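Got a structure for you, written out below as structure tokens; questions coming shortly.
What follows is calculated from the coordinates using simple rules that are stated; it is not laboratory data. Everything quoted here is computed from the prediction, not taken from an experiment. Counting neighbours? That spans all protein chains shown, and the Cβs are built from the backbone with ideal geometry, glycine included.
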Amino acid sequence: MQVAICGRDEAAVTAAASAHGLVPLVADVGEPEGARGFVRAAHRELGGIDILVTNAGGPPPGRFADVSDPEEYARAFQLNCLSAIAMCAEAIPAMQAQHWGRVVAITSIAVRQPIPHLILSNTARAGVTGFLKTLAREVAPDGVTVNSLQPGLHDTERLRSLPGGADASGVPAATLGQPADFGAIAAFVCSEQARYLTGAAIPVDGGAYAGLQ
């Protein structure tokens, strides 16, 4: 299996790809045309796309009182919602034609339980979750599954940059998740064994979310 990854920093994405035997592509998926361009480039380099994993960085932190310009919400929506829609629009028709495909969107546990000080991310990621659920039902007859994974606190640079982000005291598992923990769940959702799993939004958070649904 060949895997392509992308990033805005050519040196960084090349180094990551070299370390793991991946195909490096330079693209900014935080805006729709860059997202479409990444999918087109991946299709060209790989000869087709069976699995699409959508992900983009989060918008700046802030509370309602801190975010007074509606354009800031528009930028967050473009980053965390329109980018995923653009990638799906570019990749899914070919998956439908071959009657097999997997789409896994990385969102956030904030979709279930908004995170304080992240009003932009909370809003935009809720929007893309509605899109994904609707899409999943439409393309299911074509053998294409669409699911999202909702990470809680994982030990990443993004988390460490947030106030109190590395504090795992509210996590029942009593530790931050590791990227490999998250990757293992993503790999299953992309597998043949997960063919009957679609339209799901799966928390991967060490038990932090306390709701019943």
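For the stretch 4-204, how big is Rg over Rh, using alpha carbon atoms and the Kirkwood form of Rh?
In the stretch 4-204, Rg relative to Rh is 0.95.
Across the stretch 34-39, in residue order, what do the Karplus-derived ³J(HN,Hα) couplings come to in whole Hz, using 6.51 cos²θ - 1.76 cosθ + 1.60 with θ = phi - 60° and x for Gly and Pro?
x, 5, 4, x, 4, 5
Just to check I understand the Karplus step: with θ = phi - 60° and J = 6.51 cos²θ - 1.76 cosθ + 1.60, what whole-Hz values come out for the stretch 197-202, glycine and proline as x?
9, 8, x, 8, 10, 9
Modelling each spin label as a point 7 Å along the Cα-to-Cβ direction, I'd like the residue 89/residue 43 distance in nm, to one decimal.
Inter-label distance under the simple model: 1.3 nm.
Want the number for residue 166 to residue 185: 0.36 nm per residue separation, take away the alpha-carbon distance, what's left?
Gain on extension, residue 166 to residue 185, equals 4.7 nm.
So, one more: So what is the 222 nm mean residue ellipticity for the chain from helices alone, if each DSSP H run of at least 4 adds -39500 (n - 2.57) and you divide by all residues, rounding to the nearest 500 deg cm²/dmol?
Rounded to the nearest 500, the figure is -12500 deg cm²/dmol.
Could you state the number of Å between the C-alpha centres of the stretch 83-154 and the stretch 36-54?
Centre-to-centre distance over Cα atoms comes out at 17 Å.
Can you work out the Karplus-derived ³J(HN,Hα) for every residue in the stretch 50-61? Use 6.51 cos²θ - 1.76 cosθ + 1.60 with θ = phi - 60°, whole Hz, and x for glycine or proline.
Result, ordered by residue: 9, 10, 10, 10, 9, 6, 8, x, x, x, x, x Hz.
What is the packing order of peptides 66-75, 124-133, taking the mean over residues of other C-beta atoms within 10 Å and listing the highest first?
Ranked by mean Cβ neighbours within 10 Å, highest first: 124-133, 66-75.
On to the next question. Non-local amide H neighbours of residue 148 (under 5 Å, H modeled in plane, Pro and chain starts lacking H): which ones?
The answer is 105, 200, 201, 202.
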